[in-house]
1. Take the residues in the stretch 318-352 that are more than 30 Å from Gly282 (Cβ to Cβ) and either exposed (fewer than 10 other Cβ atoms within 10 Å of the Cβ) or under 22 Å from the mean Cα position of the chain (by Cα) (or both); name whichever of them is modelled with the lowest pLDDT.
2. Could you please tell me which pairs satisfy a Cβ distance under 7 Å, a separation of 6+ or placement on different chains, a first residue in the stretch 87-101 that is within 9 Å of ligand 2 (Cβ to nearest atom), and a second residue that is part of a helix (DSSP H, G or I)?
3. Give me the helices (runs of 4 or more DSSP H) completely within the stretch 103-178, filtered to those with at least 1 residues that are at pLDDT 85 or above and surrounded by 17 or more Cβ atoms within 10 Å (Cβ to Cβ), ordered by residue number.
4. Just give me the residues in the stretch 69-102 being modelled with pLDDT of 90 or more, more than 16 Å from ligand 1 (Cβ to nearest atom) and not in a helix (DSSP H, G or I), in sequence order.
5. Restricting to the stretch 264-282, give me the number of residues that are over 19 Å from the mean Cα position of the chain (by Cα) and not in a loop (DSSP other than H, G, I, E, B).
6. For residues that are surrounded by 13 or more Cβ atoms within 10 Å (Cβ to Cβ), among the charged types (D, E, K, R) and modelled with pLDDT of 85 or more, tally how many sit in the stretch 20-51.
7. So, Ile229, is that one in contact with a helix residue (DSSP H, G or I) (Cβ under 7 Å, 6 or more places away or on another chain), at pLDDT 95 or above and under 17 Å from Val120 (Cα atoms) or not?
Amino acid sequence: YESIQVGELAKAMGVKASDIIKKFMELGTMVTINQSIDPETAAIVAAEFGYEVEQAAIEEEQLLEYTPPSPEELKPRPPVVTVMGHVDHGKTTLLDAIRETDVVSKEAGGITQHIGAYKVKLKDGQEITFIDTPGHEAFTHMRARGAQVTDIVVLVVAADDGVMDQTKEAIDHARAAGVPIVVAINKIDKPEANPERVKSELAELGLVPEDWGGDTLYAEISAKKKIGIDDLLELILLQAEMLELKAAPDRPARGRIVESRLDKGRGPVATVIIQEGTLKEGDPFVAGITYGRVRAMLDERGRRLKKAGPATPVEILGFHEVPQAGDDFIVMPDEQKARKVAEYRARKQREAEAAKETKISLDKLFEKL
Ligand code: GTP
Ligand code: MG
């Protein structure tokens, strides 16, 4: 390692430079803030502050190392679908209508607890995972963090209203994320519905229907009257088939936080979409800058699950703190290692923030000069 300046060391550890200089004095050395010190000395001083600097960092990077699965490990998995569209065009109504086609919910009936994602099992046993809440903000947030949770976007456009601002935004988001769009022209039960107009508006934006010679799949539906829902589900499965979605089920789980909150009685709770591997009760994990152990796993109806494979959304209890939507979720060998990684990440985040603040205050200083 190279030598480091006292000031840099202070910043790296998130402590005041004056405190470090004081520590040096206690150890019998006088240093200035700009003075370079060798790595051994830096480590000794850092250890005084409870840091095992470089060594720890290396270990934590290693803990996070990821080997992609080999082709033999991969098995087909259900698609993860996000429903997007302009305000009031019928996203929630559509999700409710779809949920009713779920064979399981028909039997279960009763109260359905709200969670941000659910998986439906269709009559022929095929499954689709739907993400409910991510409005545009959450979607953008996740995309910004390099998260690819969604395989397909279902774009809901009301047949009486046509293409609106958020319709265009949704198209932009899906394109930027490289996610194919299936169009659901909704509210065709309304007398003023004009699906042909919607098609031509969308075709102008590049979503050319198949029967017009393009490659975008369209369904005409009424979420309220439950018309065309099965057709839409067919199209989603068709689109999914083209994507040949696969994941390795037999390894420690990795996933993504899609929703989180602090529950009064149960503490931090988050909905995670498993993207790879199988999550089990008791698994230790790191999620963003927090960590924990899976205390309980619940499906969207609040039923306890023992394990959850790829493309399954689960509500998880057992976080130390509330994670953020878009955070990664990685199962670790044990809770101590999970904690180490979380603390390491938190420290790096603090450093980055401190560096940003320093830059801002320097910029301000230069403005005055
Ligand atoms: P936001 O979450 O606010 O963006 O709205 P949304 O897209 O989820 O729309 P929502 O499902 O809440 O529906 C808005 C209104 O349109 C409600 O009054 C629904 O009853 C109505 N609606 C939804 N689908 C249909 C439909 O197929 N036909 C008719 N006639 N009305 C519908
Ligand atoms: Mg809604």
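The values are calculated or read from the model by the stated rules, or taken from the named source; none is laboratory data. All values derive from a computational prediction rather than experimental measurement. Note that we place each Cβ from the backbone using ideal geometry, even for glycine, and neighbour counts take in every protein chain shown.
1. This residue is Ala352.
2. Final answer for the pair search is Val87/Gln166.
3. Numbers: elements: 103-108, 136-144, 165-176.
Output list reads 165-176.
4. Listed by number, the residues that qualify are Pro69, Ser70, Leu74, Lys75, Pro76, Arg77, Pro78, Pro79, Val80.
5. The qualifying residues number 2.
6. Going through the stretch 20-51 one residue at a time, the tally reaches 1.
7. On the way: in contact with a helix residue (DSSP H, G or I) (Cβ under 7 Å, 6 or more places away or on another chain): yes; at pLDDT 95 or above: yes; under 17 Å from Val120 (Cα atoms): yes.
Criteria met by Ile229.
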